[in-house]
Protein chains: 2
Amino acid sequence: MENTHFKVRMRVWIETETGETLYGEGQIGILEAIEKEGSINAAAKSLGMGYRSMWGRLKKIEQRIGTPLLVRRKGGVLGGESVLTSEAKLMIEKFRQLQQQINDAAKKIHTCIYS
Amino acid sequence: MENTHFKVRMRVWIETETGETLYGEGQIGILEAIEKEGSINAAAKSLGMGYRSMWGRLKKIEQRIGTPLLVRRKGGVLGGESVLTSEAKLMIEKFRQLQQQINDAAKKIHTCIYS
DNA sequence: AAACGTTATGTCAATACAAACATAACGATT
DNA sequence: AATCGTTATGTTTGTATTGACATAACGTTT
């Protein structure tokens, strides 16, 4: 059973107490891309997905969360832009922190069990 | 942000080092059911899934793992049976141990971050 | 007012994944 | 040899999620 060549993988996400999925890696990644790129459209391109798809996912998250995650502006010289709300930024920060700590813990546990 | 009403959920699974999924909760659950029920058929019923579906998943796991997980017997007075190999039993044990320890760790981290 | 790049949204196709249906083979027991 | 409940597979159907296409609206700049 010397399977140190097996990897433990995990996925972390946040749910309501009633079991509804709120957000996880995908959603957080989208928010980070928007923060970096400045618009939904550019973020979608940077992640290799279509605008329509990303827009739909954003809408879902916002209505599940209940608070707006983006301040959107359309028109203007650059056509428009989208910037994250402070809630969104906090959400990203806490999620990444959680995820990293869990991953670290898992790595220790893994080497402890499958040594 | 007093979201103690948010739940952290996670899914753990095992991959090869090349990124192929090997097994996770679903597969382990199937093996446990077979161990308890004594046959693929009975196990499928007990989990509310069809025999065909469970059989297909078992085949996939075995060919990905490369070692047989079941000793199958067809015919006979009871029609047949299936029992776990010792590899399968070890696999279950280690996975459950890993999963539980990671869950415990995650719970601590969660209350530490979203307190 | 014309143009441009963005947000906003409906619709339809494609694809993947799960469930259901249908048989065949098997072998101890009767 | 007939029976019974299991293993073993191919085929089809259904569903759900993703992706692509198409358009409208918007507002600043030129």
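Okay, here's what the table says:
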| item | result |
| --- | --- |
| Sum of side-chain charges, B:K89 neighbourhood, beta-carbon under 13 Å (Lys, Arg +1; Asp, Glu -1) | -1 |
| Amide H partners (placed H, <5 Å) of A:S39, local residues excluded | A:S82 |
| Shape of segment A:1-52, Cα gyration tensor, a/c cut at 1.5 | oblate |
| log₁₀ of I(q)/I(0) at q = 0.21, 0.22, 0.23 Å⁻¹ - segment B:17-113, Debye sum with one point per alpha carbon | -1.07, -1.14, -1.21 |
| Positive minus negative residues near B:E37 (Lys, Arg vs Asp, Glu; Cβ under 13 Å) | -1 |
| Neighbour-limited loop hits for chymotrypsin sites (Phe, Trp or Tyr not before Pro), segment B:10-79 (at most 10 other Cβ within 10 Å; DSSP other than H, G, I, E, B) | none |
| Nonlocal amide H pairs with B:T85, under 5 Å, H built at 1.01 Å | B:L70, B:V71 |
| Sparse-neighbour loop sites [GluC sites (Glu not before Pro); segment A:1-109; at most 16 other C-beta within 10 Å; DSSP] | A:E2, A:E17, A:E20 |
| Unit charges on C-beta of K, R, D, E only; dipole of segment A:13-113, Debye | 320 |
| Local electrostatic count at A:V12 - Lys and Arg +1, Asp and Glu -1, tallied over other residues with Cβ under 9 Å | +2 |
| Segment A:21-115: trypsin sites (Lys or Arg not before Pro) in DSSP loop, at most 15 other beta carbons within 10 Å | none |
| For segment B:17-113, with +1 on Lys and Arg beta carbons and -1 on Asp and Glu, the positive-most of B:Q99, B:G50, B:A88 along the dipole | B:G50 |
| Rounded, prolate or oblate (a/c below 1.5 giving rounded, otherwise prolate when a/b exceeds b/c) for the protein assembly as shown by Cα gyration tensor | prolate |
| Teacher prompt: B:G50 distances to equivalent labels in other copies, 7 Å Cα→Cβ, nm | 3.1 |
| Alpha carbon Rg of segment B:54-101, scaled by the compact-globule rule 2.2 N^0.38 Å | 1.35 |
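Only the coordinates and a few stated rules stand behind these numbers; no lab work does. All figures in this text were calculated on a predicted structure; none of them were measured in a lab. Note: ideal-geometry Cβ built from the backbone for every residue, glycine included; neighbour counts use all protein chains shown.
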